[in-house]
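Shown next, in structure tokens, is the structure this report addresses.
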Amino acid sequence: MKLILAPMEGVVDFNMRQLLTDIGGFDLCVTEFVRIVDQVLSPKVYYRYCPELLTKGRTRAGTPVRVQLLGQDADYLAENAFIASELGSHGIDLNFGCPAKTVNKSKGGAVLLKTPEHIHQIVKKVREAVPLANEVSAKIRLGFDDDNLSQEIFDAVNQAGANTITIHARTKKDGYRPPAYWEKIKPLMTQPHTMQVIANGEVWNLDDYKICKIRSGCNDVMIGRGVLAKPDLAKQIMNANLSQEYTELSWQSILVHIIDSSMHNEKPKKEKYFSARTKQWLRFLQLTYPEASKLFEDIKRLKLKDDVLNMLKKHVNII
């Protein structure tokens, strides 16, 4: 019963992966997508997207990290997949689910759901390029405008030799609007396949997780925005699966994790990073912690990391 941290573009970067895996509960993280167009990227690029490659492909807490690639050229994706594997990525994930218009216009992400044969070609090339010991996974949606091709997409990924498929249980047209149609995953698995199937979408709490597993027929679940709203959600789920008691993290504990994280240790040229990321995250935290609204009001006009950090310390009563 694995829990995977979703690769949310512009949100779950190295610092967030470190913070969330420090809290615990995740079995695997997937990076934000590395865009592949028409060249083989240098190791420097991969180290920027996935600094964990410098620590044997694991976060500070020891959670393995998998590099995600997004593109449409099978040959270039295969070459880059080989490099990422050689650098220490725990497998290669292929993004066929990104709904962003700029990505889709350049024939990447969810637009490929219209052409299952193209998806098959990409996955097959990447599978052939990556050592067999390294997993190849694909992240998809149910379809583009509708789910009429969902079985073809599923079969294309399976027949190409992928080890794992993650299904975001919505179409590109659905975007991120609730609900997630978990029940549409189960019928896809009635066809013979050899893949691990992971359900994704709209898991915000322990009850959602349990219902998702029942409706989808999946033992493994990927969680994204839910863990931003409740950072210890994976830890709570893990303990529930082990039938162990769990005391949920208090607001004060969440603040301590932020303060103890590496989010405010960025280089001077990224002075405003901590401020921007903290404000971004507070919008999710408000869904679980009412205190987050007050903190947001106190820092919304602050830009420098030391000012934001000092305000967090005031809220946690450590200065």
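A few notes on this one:
- Percent of beta bridges antiparallel (DSSP, the chain, rounded to nearest 5): 5 percent
- Of the three principal axes defined by the Cα atoms of the stretch 251-315, the extents in descending order read 33, 22, 20 Å.
- Dipole magnitude of the chain about its Cα centre (Cβ charges: Lys, Arg +1; Asp, Glu -1), debye to nearest 20: 860 debye
- Dipole of the chain, positive direction: furthest Cα of His193, Ile23, Val221, with charges on the beta-carbon: Ile23
- Summing charges over neighbours of Leu87, with a neighbour being any other residue whose Cβ is under 15 Å away from its Cβ, gives +1 when K and R count +1 and D and E count -1.
- The chain: relative contact order in percent, alpha carbon pairs under 8 Å with at least 6 residues between: 15 percent
- The relative contact order of the stretch 133-251 comes to 20 percent, based on Cα pairs under 8 Å that sit 6 or more residues apart.
- With neighbours defined as other Cβ atoms within 10 Å of a residue's Cβ, the residues Arg177, Arg127, Arg66 order from fewest to most as Arg177, Arg127, Arg66.
- Sum of side-chain charges, Met238 neighbourhood, beta-carbon under 11 Å (Lys, Arg +1; Asp, Glu -1): 0
- Sum of side-chain charges, Val316 neighbourhood, beta-carbon under 12 Å (Lys, Arg +1; Asp, Glu -1): 0
- Linear extension gain, Leu242 paired with Asp298, 0.36 nm per residue minus alpha-carbon span: 16.2 nm
- Look at the dipole of the stretch 56-173 built from charges on Cβ: of Val157, Thr63, Gln121, the Cα furthest out on the positive end belongs to Thr63.
- Neighbour-count order for Thr21, Thr102, fewest beta carbons within 10 angstrom listed first: Thr102, Thr21
- Subset of Lys2/Lys107; Lys230/Lys294; Lys186/Lys210; Lys56/Lys124; Lys294/Lys314; Lys2/Lys186 violating a 20 Å alpha-carbon distance limit: Lys2/Lys107; Lys56/Lys124
- By the rule of a C-alpha distance below 16 Å, with chain neighbours fewer than 8 residues away ignored, the aspartates and glutamates paired with Lys213 are Glu183, Glu202.
- Going from the residue with the fewest nearby Cβ atoms within 10 Å to the one with the most, Asp93, Asp307, Asp208 rank Asp307, Asp208, Asp93.
- Cα gyration tensor, the stretch 104-231 - rounded (a/c under 1.5), prolate or oblate: prolate
- Note on the stretch 1-80 and the stretch 208-232: Cα centroid distance 20 Å, given to the nearest whole angstrom.
Quick note: the coordinates plus some simple rules give every number you see, no bench work behind them. What you see is a predicted model, and the numbers here were worked out from it, not measured in a lab. Here the Cβ is made from the backbone with ideal geometry for all residues, glycine too, and neighbour counts use every protein chain on show.
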